[in-house]
């Protein structure tokens, strides 16, 4: 058993879901670990991780719309000094998650046919995001 | 340290919560790994995993009802070509999670007294579901 | 590769978010494992874990308020024999999570600058809570 770690740096250009399956898959395939467990960890409180449908763009539109309406911008937040999109961003992070573990076999993530991995950016004007990738196995 | 992996195949017959604690517990107890970490991974975008109250059936009824009302069927989704229950299924998956890790000691999951592990099926007419079980330890 | 495990016992005195970053950080630093993966597991169905903003108290007030309103107390639950705060507590646990994994390097959790780890207590009159800490690495 051994482990490998990497920090994936992303520069999302807008709010919403950005697929990161390809760079994650690429990194996993090069670690010389055929079988094990991959963990992704998002080092932020206003962006999160989601495993979701990778085929229909409409699914992602509906997902984004649903979360924007569930945690809307507005004047009802006590925390408002970082802009109207900041508190909704924390709420959407809490409703989803910052960590996701995916089993690996034959050097590949065991995602289902329709599963992609997404960074869910919740700020209107995002800055750089860091996702730690950790693989343990043999 | 060593690891073990298995794909648990389930055939839920209805929408809602189905307890899977027993088959998971059974598999864990047979891996010859006394202490470690179990990870469950659901390979789907319309079904998820939940650790919840295993005693009162009423808790599960209320949980199902709450999520159905939070992400209701309706005509307001852009993605509607896989049936009215499909987009709410993706939303409920995003609101819960597809992965759960549970520590193991003495060959048993360290669940609390009232914790059971459930597959949360979100489609009205579900097909086969696959949950990957991965145990690492010694 | 080796592993270490500990049960952190907490006595929250009220509903809401209580930061547990310090005791977790302290335990991690003493395990003689420089690099690896820490997993926290909450052994309850009415309390959960959250990684969130550790600076502004207002963020935590808004988070608590949001979840109280999303899963309010009321007469509409079938499960009501453990008090009006019990079923909302299960719902808030399901909407967040009971497990969180955080990568570790140089004996420290790789949390982002603004990330703290919180116990999210959902009962009005909480009892003792147990969080299992598991660290694997080398």
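Residue-wise test of (1) surrounded by fewer than 24 Cβ atoms within 10 Å (Cβ to Cβ); (2) at pLDDT 95 or above.
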| residue | (1), (2) |
| --- | --- |
| B:77 | yes, yes |
| B:82 | yes, no |
| B:87 | no, yes |
| B:95 | yes, yes |
| B:109 | yes, yes |
| B:130 | yes, yes |
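Counting only strands (runs of 3 or more DSSP E) that sit wholly inside segment C:14-89, those with at least 3 residues that are in contact with a helix residue (DSSP H, G or I) (Cβ under 8 Å, 6 or more places away or on another chain) are C:47-53.
Annotation note: of B:70, B:63, B:95, the sole residue that is touching a strand residue (DSSP E or B) at 6+ places or on another chain (Cβ under 7 Å) and either over 30 Å from residue C:128 (Cα atoms) or within 11 Å of another protein chain (Cβ to nearest Cβ) (or both) is B:63.
Any residue at all in segment B:37-44 that's free of Cβ contacts under 8 Å to residues at least 60 places away in the same chain and more than 9 Å from chain A (Cβ to nearest Cβ)? No - not one qualifying residue is present in segment B:37-44. I'd like to know if segment A:13-20 contains one or more residues that are in contact (Cβ under 8 Å) with a residue 12 or more places away in the chain, buried (at least 21 other Cβ atoms within 10 Å of the Cβ) and more than 14 Å from the chain's Cα centre (by Cα). No - not one qualifying residue is present in segment A:13-20. As for segment A:30-38, it holds at least one residue that is touching a strand residue (DSSP E or B) at 6+ places or on another chain (Cβ under 9 Å) and within 22 Å of residue C:51 (Cβ to Cβ). Would you confirm whether or not segment A:73-87 contains a residue that is touching a strand residue (DSSP E or B) at 6+ places or on another chain (Cβ under 8 Å) and away from chain B (no Cβ under 11 Å)? The answer is no; no qualifying residue exists. Please go through segment C:121-138 and give me each residue that is under 16 Å from the mean Cα position of the chain (by Cα) and closer than 25 Å to residue B:36 by Cα, ordered by number. Those that are under 16 Å from the mean Cα position of the chain (by Cα) and closer than 25 Å to residue B:36 by Cα: C:128, C:129, C:130, C:131, C:132, C:133, C:134. Filtering A:47, A:58 for residues that are under 10 Å from the mean Cα position of the chain (by Cα) and on the phi < 0 side of the Ramachandran plot leaves a single hit, A:47.
Could you say whether any residue in segment C:1-10 is within 14 Å of chain B (Cβ to nearest Cβ), farther than 17 Å from residue C:131 by Cα and in a loop (DSSP other than H, G, I, E, B)? Checked segment C:1-10: at least one residue is within 14 Å of chain B (Cβ to nearest Cβ), farther than 17 Å from residue C:131 by Cα and in a loop (DSSP other than H, G, I, E, B). Selection over segment B:98-134 of residues that are farther than 23 Å from residue A:120 by Cα and either within 12 Å of chain C (Cβ to nearest Cβ) or in a loop (DSSP other than H, G, I, E, B) (or both) gives a count of 22.
The values are calculated or read from the model by the stated rules, or taken from the named source; none is laboratory data. Predicted, not measured: the structure shown is a model, and the values here were computed from it. Ideal geometry is used to build each Cβ from the backbone, glycine not excepted, and the neighbour counts take in all protein chains shown.
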